[in-house]
Amino acid sequence: FLVLYALLIGFGRYTITPVLDVVAPDSIAAQAGLIDGDTVLSVDGFKVRGFEDFQRLIATAPERTVTLVIERDGRPQTFALTPESATTTDRFGNEHRIGRIGVSKNIEQDDVTVYRPDPVEAVGMTFEEIRFIIDRTAAFLGDFFVGRGDVDQLGGPVKVAKVSGEVASLGIVALITLMALLSLNIGIFNLLPIPMLDGGHLMYYLVEAVRGRPLSQRVQEIGFRFGLAVVFTLTVFTLINDIF
């Protein structure tokens, strides 16, 4: 929170007006009812302050239904659509699975502005950013349970080092932002209800609170062995994914 808050206060954020300039014919957006000139207000309850917010919210929801609130003729309207899955390549040659709906923005130099929130507003914006990261991380993990997960996106220490080097080339702000994202994602993983992790301990405490007494040492030991097997398997899998 402190890192993201300090970056927001110190540097602000570049933003572009969230207006849909071009809605491609027969695209998912057009089929859902979106038209040229619509202004995006929110996606899945996340406030859209700029077109970059809209892009990020759609890109991180491939094949997952999202709810859009659009302003048209001065009135808000709600639409639901499911972004299609597409593969894109970043400047470093890494492939990513993203969501697309078939809209674009004609960006002029005057469209890009720096928004600097006051210290109070920045608190809410930082919490919203953290909520977005947690929401999308949980959705990413949930995709594996419904067969939509992309195993190529999973990585271990080798991939973290590689991505860190690439991001470092973009500047110190990008690297510090990555540090905050990694910290938050490690925290989310540590709270999963898997014995051996803090989330597993919390699960044991919850069971104890409901039963009125702790689980037997035997049951807890079995749980810890299971948790160790899960963590070890995931570690081996990510290392293999990194190498091959």
Need the full-extension length gain, F92 to F244, defined as separation in residues times 0.36 nm minus the C-alpha distance. One decimal, nm. 53.0 nm
So which aspartates and glutamates can K162 reach, going by Cα to Cα under 15 Å and dropping same-chain residues fewer than 8 places off? D90, E95, D152, D242
Between A32 and I188, what is the FRET efficiency for a Förster distance of 41 Å, r being their Cβ-Cβ separation, to the nearest 0.05? 0.85
For the chain, what's the relative contact order in percent, using C-alpha pairs closer than 8 Å and at least 6 residues apart? 18 percent
Accessible area (Å², per residue) of the chain, counting only protein heavy atoms and a probe of 1.4 Å: 60 Å²
Give, as ranges by residue number, the residues of the range 1-38 whose backbone N falls under 19 Å from the point 7 Å along Cα→Cβ of D118. 5-6, 8-13
When you have a sec, figure out the Kirkwood radius of the range 135-230 from all distinct Cα pair distances and drop it here in Å to one decimal? 15.9 Å
Of V66, F46, N94, which is farthest along the charge dipole of the range 1-100 in the positive direction, counting Lys and Arg as +1 and Asp and Glu as -1 at C-beta? F46
7 Å from Cα along Cα→Cβ at both T137 and L215: what's the point-to-point distance in nm? 2.3 nm
Per residue and in cubic angstrom, what volume does the convex hull of the Cα atoms of the chain have? 175 Å³
Testing the spin-label approximation: label points 7 Å from Cα along Cα→Cβ at I176 and F232. State their distance in nm. 4.1 nm
Within 10 Å of each candidate Cβ there may be at most 16 other Cβ atoms; applying that plus a DSSP loop requirement, which chymotrypsin sites (Phe, Trp or Tyr not before Pro) in the range 43-127 survive? F92
Normalising by the residue count of the range 176-244, find the relative contact order in percent from Cα pairs under 8 Å and 6+ residues apart. 22 percent
Mean shadow area of the range 130-177, taken as a quarter of the surface of its Cα convex hull (nm²): 4.1 nm²
Computed helical MRE - 222 nm, the chain, DSSP H runs ≥ 4 contributing -39500 (n - 2.57), nearest 500: -16500 deg cm²/dmol
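The values are calculated or read from the model by the stated rules, or taken from the named source; none is laboratory data. The structure displayed is predicted, hence computed values, not measured ones. As a convention, Cβ positions derive from the backbone with ideal geometry for all residues, glycine included, and neighbour counts pool all protein chains shown. For the accessible areas, the whole protein counts, side chains as well, though only heavy atoms, and no ligand, DNA or RNA atoms are used. Shrake-Rupley method; radii C 1.70, N 1.55, O 1.52, S 1.80 Å.
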